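One structure below.
The values are calculated or read from the model by the stated rules, or taken from the named source; none is laboratory data. Everything numeric here is computed off the predicted structure, so don't read it as measured data. Cβ coordinates were reconstructed from backbone atoms using ideal geometry, including for glycine residues, and neighbour counts include every protein chain displayed. Keep in mind that these areas ignore ligands, DNA and RNA; they rest on the heavy atoms of the full protein, side chains included. Shrake-Rupley method; radii C 1.70, N 1.55, O 1.52, S 1.80 Å.
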Protein chains: 2
Amino acid sequence: VEAEFIEWLRDRVAASSAVLTGIGDDAAIIRLPGPLAVLTSDMLMDGVDFELESADMRRIGRKALAVNLSDVAAMACRPVAAVISLALPLSRARWYAEEFYAGLLPLAEKYSVAVAGGDTNTWNGPFVVNITLLGTPPQAGPALRSGGQVGDEILVTGEFGGSILGRHFDFEPRVAEAIWLREHEEVHAAIDVSDGLSLDLFRLAAASSCGAEIDLSQIPISAAAHELAEGSESSGSALDHALSDGEDFELVLAVEAESAARLVSSQPLSVPLTRIGRLVAEPGLWQISPGNPRAPLKPRGWEY
Amino acid sequence: VEAEFIEWLRDRVAASSAVLTGIGDDAAIIRLPGPLAVLTSDMLMDGVDFELESADMRRIGRKALAVNLSDVAAMACRPVAAVISLALPLSRARWYAEEFYAGLLPLAEKYSVAVAGGDTNTWNGPFVVNITLLGTPPQAGPALRSGGQVGDEILVTGEFGGSILGRHFDFEPRVAEAIWLREHEEVHAAIDVSDGLSLDLFRLAAASSCGAEIDLSQIPISAAAHELAEGSESSGSALDHALSDGEDFELVLAVEAESAARLVSSQPLSVPLTRIGRLVAEPGLWQISPGNPRAPLKPRGWEY
């Protein structure tokens, strides 16, 4: 499939001023705005991250890039170039590859990501994709998980829970939102919710050597979480789903208190920003609710 | 396996001044010497690139990095940081992962490559590894396949053929050699031999809008190529093996004529440099030998 497919792909990949030499040499040469690079990589496998038999290869192609975009957004960085490796089942290799890229390329174009190279293979095995995304930090520098400070308010974008009903494929990575926030307000730390809101918030707090206090009444719960909770196979309340379901790919941000107040009242983004708690000195995760004493909250989510 | 394994790995990965934030955040932050980055990625799969049942996982770990190092060497660039994704068979995931890294990490240290992150997965499927390597060009800039000029001499490092007998695992990527050559002499173009000497030389010539003329009497033939040719299952002469076997991972260089003469007589590297031909105006691959007219030579090697 390789030589002919590389031609096919090269014809479809938009030229990028950042990529000096892309598909077709031994490595891609990429010009960054400065000497700092961010690099992230995600591997998705048939039977683990999706079921190829029932999933649409275009949605898989979109998601494979989108999860990496979400990681770069979690650093408040700008994506620049991607390298894409595929292991394609022999029987339908070319068709799968074309469908994959038909799903991926519009998202790459939307976020100005150059497809700079990769490695396209066929085998007698299940479909595997690995994407590595190279990005560049904003003026204010990348947002780490570890930058949170006691007293920071915890803000989140969007709503949580029930992504399994479809949003885990069709989510919008919060790239533009993260960069805007980092450049305009005092965002100290950030993480994207890939494994579950309570678990990923716990990780941010731990990396920042803090604890986190969540007001459970303030969690933005998605319609999909309600739908799951009301279904016949319900495994918990809508709030449970919002706190523990994976693949929301929303941002959790630790923001200096005055910045946070300004953001919540002005709502400068096209997606809602909600204050759900704050970072505290005591390690661990804590729940608060009006009229009740503070109590420990177990971080839940997808653990490997 | 993930959380505990990440701890295990973090303890074993050497700190690097180039990696500001490595394993454990959403993305790695890497400081390059300048704004130019090179990026390459290779995926290796059980049953395609090796047979896990008969191969040693440490050799696979070493090779997975070495093939990427060879790609970066083919650009005459310096490797900086790697991100590593694994799909590990569930039954022996942790053991496989530790053996893999036991093979990889010494090579990473030798070439000052920081393991900056990745994605470690388990599944009910065959072993897959993808490594993406980030590098940085030398002062003279990266060496492309396309920089060759009519009249350039074609030099090669080392010997060719028969890598299947062991060298496809244990080869030394020509990183230091490529950088030294690019910085000290007029190296116009380079490629590493992954698919076969005649095929990869043909690719370099074609990318440079030239043809190439090879003196078949000058090809450095490895002992392994002779061994294969003399074996009972021989599929060609030792020269055939040298011209068409894949995975030699030696360099093919298009070098300005005076530089080439100087290099061949001074032999400045620890590996031999041999002149095997030159770039010519007529497209295609040509063989010459003393007393015979020039004749076309079919590029042979591993085509996908």
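A few points about this structure:
- Computed from phi, the 3J(HN,Hα) profile of the range B:49-57 under the Karplus parametrisation 6.51, -1.76, 1.60 (θ = phi - 60°) reads 9, 6, 10, 4, 4, 9, 8, 9, 4 Hz, with x in place of Gly and Pro.
- Residue by residue, the range B:4-15 carries 3J(HN,Hα) couplings of 5, 5, 4, 4, 4, 5, 4, 5, 9, 7, 5, 5 Hz when phi is fed to the Karplus relation 6.51 cos²θ - 1.76 cosθ + 1.60 (θ = phi - 60°); x denotes Gly or Pro.
- Relative contact order for the range A:1-93, counting Cα pairs under 8 Å that sit 6 or more residues apart, in percent: 24 percent
- Rounded accessible area per residue of the range B:21-115, 1.4 Å, Å²: 32 Å²
- Prolate/oblate/rounded label for the range B:48-114 (Cα gyration tensor, a/c 1.5): prolate
- Cα centroid separation - the range B:134-166 against the range A:157-236, whole Å: 48 Å
- Each part gets one Cα centre, and for the range A:40-57 versus the range A:239-304 those centres are 29 Å apart.
- Just checking the listed ones, B:HIS184, B:HIS226, B:HIS241: in the Gaussian network model of chain B with Cα springs under 10 Å, the one fluctuating most is B:HIS184.
- At least 20 Å² of accessible area lost relative to the chain alone, listed for the range A:104-142 with a 1.4 Å probe: A:ASP119, A:ASN121, A:TRP123, A:PRO126, A:VAL128, A:ASN130, A:THR132, A:LEU134
- With Rh defined as the Kirkwood radius, the inverse of the mean 1/r over Cα pairs, the Rg/Rh of the protein assembly as shown is 1.02.
- Take the Cα of A:TRP95, step 7 Å toward its Cβ, do the same at B:HIS184, and the gap between the two points is 5.6 nm.
- The portion of the accessible surface of the protein assembly as shown made up by carbon and sulfur, rounded to a whole percent, is 49 (1.4 Å probe; DNA, RNA and ligands excluded).
- Cα gyration tensor, chain A - rounded (a/c under 1.5), prolate or oblate: oblate
- Interface residues of the range B:259-304, defined as those with an accessible-area decrease of at least 10 Å² between the chain by itself and the complete set of protein chains (probe 1.4 Å), are B:TYR304.
- Viscosity 1.002 mPa s, 20 °C: Kirkwood-radius Stokes-Einstein D of the range A:12-142 over Cα pairs, µm²/s: 142 µm²/s
- Placed amide H near A:GLY277: partners under 5 Å, 5+ positions off or other chain: A:ILE154, A:ASP215
- Distance in nm between pseudo-label sites at A:ALA55 and A:ASN124 (7 Å out along the Cβ direction from Cα): 2.5 nm
- Between A and B, accessible area buried - total, square angstrom, nearest 100, 1.4 angstrom probe: 4300 Å²
- Accessible surface, per residue, of the range A:213-304 when the full set of protein chains is kept, probe 1.4 Å, Å²: 51 Å²
- For a modelled paramagnetic label at B:TRP302, 7 Å from Cα along Cα-to-Cβ, the residues of the range B:59-86 in reach, with backbone nitrogen under 12 Å, are B:64, B:67-68.
- Across chain A, Cα pairs under 8 Å and at least six residues apart give a relative contact order of 21 percent.
- Segment A:GLN149-A:GLU233, extension gain: residue separation times 0.36 nm, minus the distance between their alpha carbons: 26.2 nm
- Within chain A, longest stretch clear of exposed GluC sites (Glu not before Pro) (DSSP loop, no more than 11 other Cβ within 10 Å): A:54-232
- The Cβ shell under 15 Å around B:GLU256 holds other residues with a net charge of -2, Lys and Arg each +1, Asp and Glu each -1.
- Vicinal HN-Hα couplings computed from phi for the range B:128-141 (Karplus, 6.51 cos²θ - 1.76 cosθ + 1.60; Hz; Gly/Pro x): 9, 10, 10, 10, 10, 10, 9, x, 9, x, x, 3, 6, x
- When B:SER209 is represented by a point 7 angstrom out along its Cα-to-C-beta vector, the spacings to that point in the other copies are 6.0 nm, nearest first.
- Across B:SER41, B:SER70, B:SER54, mean-square fluctuation computed from a Gaussian network of chain B (C-alpha pairs under 10 Å connected) peaks at B:SER54.
- Delta accessible area of at least 40 Å² on complex formation, residues of the range B:1-25, 1.4 Å probe, chain isolated as reference: B:GLU2, B:ASP25
- Cα convex hull of the range A:139-216, projected area averaged across orientations, nm²: 5.6 nm²
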